[in-house]
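Undergrad: One structure follows; several queries about it will come next.
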Amino acid sequence: MATSTLEQPKKNVGSHSAVSQAKGGKKEDSKMWTKAVVSTSRVLSPTVKSLTLKAPNTFKFHPGQWVDFLIPHLDVIGGYSFTSTPKLLQSKGTLELAVKISKHPAASWIHDKCKQGDEVLIKSGGNFKLKGGQIDGENSISTSPAPVHHVFIAGGIGITPFISMIRSIREGNGQELKEGGEENKTQSVEGCTLFYSARTASELIYLDELKTLCDEDSVFTFTSTQKDDGWEGERGRIDGDKLTPLLCRSNKSTSEMIFYLCGPPSMTEDIRTLLQDTFKISKERILYEKWW
């Protein structure tokens, strides 16, 4: 499972899929669930598939939250982060998820068996959300006179909640996204920096879109693989040696930043400790999802 926090938890097993332990992985009262229908799916990487669902626009979630995902004939619940935005649901009746392949029954079903027209049950959860600054409450623009600078630090499939968050910031800046992440490419997101690592270059999903959504100078990517895979960028895990010079390039003080972490447990814990002990970031300004 996983935890989302300001120091709090979420629902995921390392691959961003999870069993609802609080409920024993069993189906809850049907009144708590919303019916959704599989619309399309597409391959994002050798291990990740994107799933598009049609759902009623009365369904509610915040950018960064996950969805409890129940396939009617299975006894367990999968937990996957939304990559789409509340605005897309309101305008198109569409939800998007990205799911990494694993032995978890829900993830296996999504990768191997699901097809257009299949019905599933969904329920949003988690408190991993954009905090302060440009987006507040029901995806509205904040009245705060000094928007914060969002710093997103992602490892592997941990990029997924940040896709929803960054797309939502873009919408808050007046840019409407279309289904599948297509957007008006005349303006990039202001006020965010992304650090993104993956095991191999092919697992850096959404990279082209992220370089469009964010100013390219604000997207820093790394891979930990040592293979000659054609990757010309930096290699290695995200750590203090990489964060320090790049954060120092910002014209914002770290006291004006909010940090969001999502990735493998060891990465999340190491970076959380680094931010607090080395950069002296208060724990209130560090939000994270921890998988378990």
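Undergrad: Scan region 198-208 and give yes if some residue there is at pLDDT below 90, part of a loop (DSSP other than H, G, I, E, B) and surrounded by 17 or more Cβ atoms within 10 Å (Cβ to Cβ), otherwise no.
TA: No, because not a single residue in region 198-208 is at pLDDT below 90, part of a loop (DSSP other than H, G, I, E, B) and surrounded by 17 or more Cβ atoms within 10 Å (Cβ to Cβ).
Undergrad: What pairs come up if the first residue lies in region 243-271 and is of a type in the set (G, A, S), the second is not in a helix (DSSP H, G or I), and their beta carbons are under 8 Å apart, counting only those six or more places apart or on different chains?
TA: Close Cβ pairs satisfying both conditions: S250/H149; S250/T193; S250/M257; G263/I153; G263/A154; G263/G155; G263/S197.
Undergrad: List the residue pairs whose Cβ atoms are under 6 Å apart, where the first residue sits in region 64-84 and is more than 13 Å from I157 (Cα to Cα) and part of a loop (DSSP other than H, G, I, E, B), the second is of a type in the set (A, V, I, L, M) and modelled with pLDDT under 90, and the two are 6 or more positions apart or on different chains.
TA: V76/V19
Undergrad: Also, quick follow-up: Every residue in region 89-113 that is touching a Leu at 6+ places or on another chain (Cβ under 8 Å) and open to solvent by 10 Å² or more (accessible area, probe 1.4 Å), please. Steps first, answer last, please.
TA: Let us first name the residues in region 89-113 that are touching a Leu at 6+ places or on another chain (Cβ under 8 Å), namely 89, 94-99, 105-106, 109-110.
Within region 89-113, P105, W109 meet the criteria.
Undergrad: Related question: So, in region 60-88, how many residues would count as being closer than 16 Å to L130 by Cβ, open to solvent by less than 10 Å² (accessible area, probe 1.4 Å) and not hydrophobic (A, V, I, L, M, F, W, C)?
TA: Of the residues in that region, 6 qualify.
Undergrad: A follow-up question, please. If I go through region 248-271 residue by residue, how many of them are more than 14 Å from F152 (Cβ to Cβ) and in a helix (DSSP H, G or I)?
TA: Matching residues across region 248-271 total 8.
Undergrad: Here is a check on your reading of the model: is P245 within 21 Å of Q65 (Cβ to Cβ) and open to solvent by 20 Å² or more (accessible area, probe 1.4 Å)?
TA: For P245, the condition - within 21 Å of Q65 (Cβ to Cβ) and open to solvent by 20 Å² or more (accessible area, probe 1.4 Å) - is not met.
Undergrad: Taking the options K92, K60, K54, K87, name whichever one is over 28 Å from A198 (Cβ atoms), charged (D, E, K, R) and in contact with an Asp or Glu (Cβ under 7 Å, 6 or more places away or on another chain).
TA: Working: K60 fails: in contact with an Asp or Glu (Cβ under 7 Å, 6 or more places away or on another chain); K54 fails: in contact with an Asp or Glu (Cβ under 7 Å, 6 or more places away or on another chain); K87 fails: over 28 Å from A198 (Cβ atoms).
Selected residue: K92, the only one of K92, K60, K54, K87 that is over 28 Å from A198 (Cβ atoms), charged (D, E, K, R) and in contact with an Asp or Glu (Cβ under 7 Å, 6 or more places away or on another chain).
Undergrad: Please enumerate the residues belonging to region 114-124 that are open to solvent by less than 30 Å² (accessible area, probe 1.4 Å), out of contact with any Ser or Thr (no Cβ under 9 Å at 6 or more places or on another chain) and not aliphatic (A, V, I, L, M).
TA: D118
The values are calculated or read from the model by the stated rules, or taken from the named source; none is laboratory data. Keep in mind the model is a prediction, meaning the values are calculated, not measured. Positions of Cβ are backbone-derived with ideal geometry, glycine not excepted, and every protein chain shown enters the neighbour counts. Keep in mind that these areas ignore ligands, DNA and RNA; they rest on the heavy atoms of the full protein, side chains included. Shrake-Rupley method; radii C 1.70, N 1.55, O 1.52, S 1.80 Å.
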